[in-house]
Amino acid sequence: MSFIPHTVFTTDIIPAKDRFDVFRDSMSVLYDAELDDASKSKQFDANVDAFMLDQTMLLRTQATSGIYNRSNLDVRQDGNDMYLISLFLKGGDLITCGKISTLVKTGDIAIYDLNRKSKNTVTDFANLSFVFPRDLIESYIPTISNFHCQILPRDQPMTILLRSHMLSLYEAAPGITTESSASLQRSLLELTSTAVHQSKGILPKHEQTVVNAVLLDIRRWINSRLADPELSTDSICRAFSLSRTQLYRITEPLGGIMNHVREQRLKKSYADLRDPALAHLSVSDTLYRWGFNDPGTFTRSFKKRFGMLPKDVKNLPLAQHSEKALSDSIIAGDGFDDWIRTLSI
């Protein structure tokens, strides 16, 4: 019998002057963290207790107040195509998305699309969060992109049920076996889907459920054929016996079917260019490997998406995290940041 992976990060035994810097480096995989005025005058503390539940990361985070940013540059470059759903156990968060700000209070559950810009100004806080890969949560909530920076209010019945389930799952996490993790993940996603939809009074009708299932099949089919340069609107229509009009209607949530194909290919190309195991491949090898057939178009699309040329991404040094340079006696069980990188691929 094996149990789900578990890791702990703590600043408790790090010298006070180094605590925030070490925490900031670990959190940089998700956010650019900075101290606010209040926290500059007091000792910084942070703890992260994390578990991997199949493809989902469960983590309880406690930290001193601060500001957590995801900029357009972060979104372009780090490839974190995931959702963070956080239950605030203590403290709160002022979420700023564009010109709109939303206050998250203790007991509320907040939804963050890590592939979009946001600014989070938090008090001293403790929260319980789940990190879901986009493909996974979209298979249960195809319209999840509409809920970025949205709140599930603490007094709604489904929020109360989801909050209770999240807390129970965390309490039970040390004894969860790898064999049971997939079924527990599925239950969590089903309850999350119900809570999210009910928060807007849009529980899906049967017809929409069927459309969502077809959309999921189309996405999976596309992902298995990204390397095929012949992948096209026509080939997708033939595979699913759909007209172009039907295909466009079903895939409207993707923002355009071929835009979606290009986006997935670009992400795969970026991951390959940063993979030390594929260092022997040239930029040209990479673009052809993922179905692009014109180097100029690939370079322009890549630069627009990630803000860098493919050759410059390939030549970037591997990320160096200061906590890795510290001895094991300083950090107990680092690793949650590496899990995030794995989920984002």
- Item | Subset of segment 130-168 that is among the β-branched types (Val, Ile, Thr) and within 28 Å of residue 220 (Cα to Cα) - its residue that is surrounded by the fewest Cβ atoms within 10 Å (Cβ to Cβ) | 143
- Does residue 182 meet the test of being within 24 Å of residue 10 (Cα to Cα), over 18 Å from the mean Cα position of the chain (by Cα), of a type in the set (A, V, I, L, M, F, W, C) and modelled with pLDDT of 90 or more? no
- Note on the structure: Output for Cβ contacts, cut-off 8 Å, separation at least six or different chains, first residue in the same structural domain as residue 225 (by TED's automatic domain parsing) and under 16 Å from residue 311 (Cβ atoms) in segment 289-301, second part of a loop (DSSP other than H, G, I, E, B) and aromatic (Phe, Trp, Tyr), reads 298/292
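Could you grab me the full set of residues in segment 1-34 that are part of a loop (DSSP other than H, G, I, E, B), surrounded by 15 or more Cβ atoms within 10 Å (Cβ to Cβ) and in contact with a Ser or Thr (Cβ under 8 Å, 6 or more places away or on another chain)? Before the answer, list the steps.
Keep residues of segment 1-34 that are part of a loop (DSSP other than H, G, I, E, B), which gives 1-2, 4-5, 11-15, 28-31.
From the residues that got through so far, the ones that are surrounded by 15 or more Cβ atoms within 10 Å (Cβ to Cβ) too are 4-5, 11, 14, 28-31.
Matches in segment 1-34: 4 only.
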- Item | Selection within segment 185-195 - of a type in the set (Val, Ile, Thr) and modelled with pLDDT of 90 or more | 192
- Given the conditions (1) outside any helix (DSSP H, G or I); (2) buried (at least 20 other Cβ atoms within 10 Å of the Cβ), report the number of the one that residue 119 does not fulfil. (2)
- Item | Matching residues, segment 247-278, being out of contact with any helix residue (DSSP H, G or I) (no Cβ under 8 Å at 6 or more places or on another chain) and of a type outside the set (Lys, Arg) | 252, 255, 256, 259, 271, 275, 276, 277
- Task: Could you please find all residues in segment 197-227 being aliphatic (A, V, I, L, M) and modelled with pLDDT under 90?
- Result: 202, 203, 210, 211, 213, 214, 215, 216, 218
- Query: Just wondering, is there one or more residues in segment 150-161 that are assigned to a helix (DSSP H, G or I) and of a type in the set (D, E, K, R)?
  - Reply: no
- Query: If residue 197 satisfies every condition in (1) assigned to a helix (DSSP H, G or I); (2) buried (at least 20 other Cβ atoms within 10 Å of the Cβ) but one, which is the exception?
  - Reply: (2)
- Kindly indicate whether residue 62 is outside any strand (DSSP E or B) and surrounded by fewer than 20 Cβ atoms within 10 Å (Cβ to Cβ). no
- Does residue 54 fit the bill of being of a type in the set (Asp, Glu), at positive phi and either surrounded by fewer than 20 Cβ atoms within 10 Å (Cβ to Cβ) or in the same structural domain as residue 198 (by TED's automatic domain parsing) (or both)? yes
- Query: Checking residue 130 against (1) in contact with a Lys or Arg (Cβ under 9 Å, 6 or more places away or on another chain); (2) touching a residue at least 60 places away in the same chain (Cβ under 8 Å); (3) aromatic (Phe, Trp, Tyr), which single condition isn't satisfied?
  - Reply: (1)
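Report yes if residue 140 is modelled with pLDDT under 90 and among the aromatic types (Phe, Trp, Tyr), otherwise no.
yes
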- Do we find that residue 268 is modelled with pLDDT under 90 and either among the acidic types (Asp, Glu) or closer than 30 Å to residue 111 by Cβ (or both) in this structure? no
- Here are some conditions: (1) over 19 Å from residue 137 (Cβ atoms); (2) surrounded by fewer than 19 Cβ atoms within 10 Å (Cβ to Cβ); (3) in contact with a strand residue (DSSP E or B) (Cβ under 7 Å, 6 or more places away or on another chain). Residue 42 meets all but one. Which one does it not meet? (3)
- Task: Return yes when residue 110 is closer than 29 Å to residue 271 by Cβ and small (Gly, Ala, Ser) and no when it is not.
- Result: yes
- Message: I need the full set of residues from segment 35-46 which are part of a loop (DSSP other than H, G, I, E, B) and either more than 15 Å from residue 62 (Cα to Cα) or not assigned by TED's automatic domain parsing to the domain that holds residue 11 (or both), in order please.
- Response: 36, 41, 42
- The one condition residue 94 fails out of (1) at pLDDT below 90; (2) assigned to a strand (DSSP E or B) is (1)
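The values are calculated or read from the model by the stated rules, or taken from the named source; none is laboratory data. No experiment lies behind these values; they were computed from the predicted model shown. Positions of Cβ are backbone-derived with ideal geometry, glycine not excepted, and every protein chain shown enters the neighbour counts.
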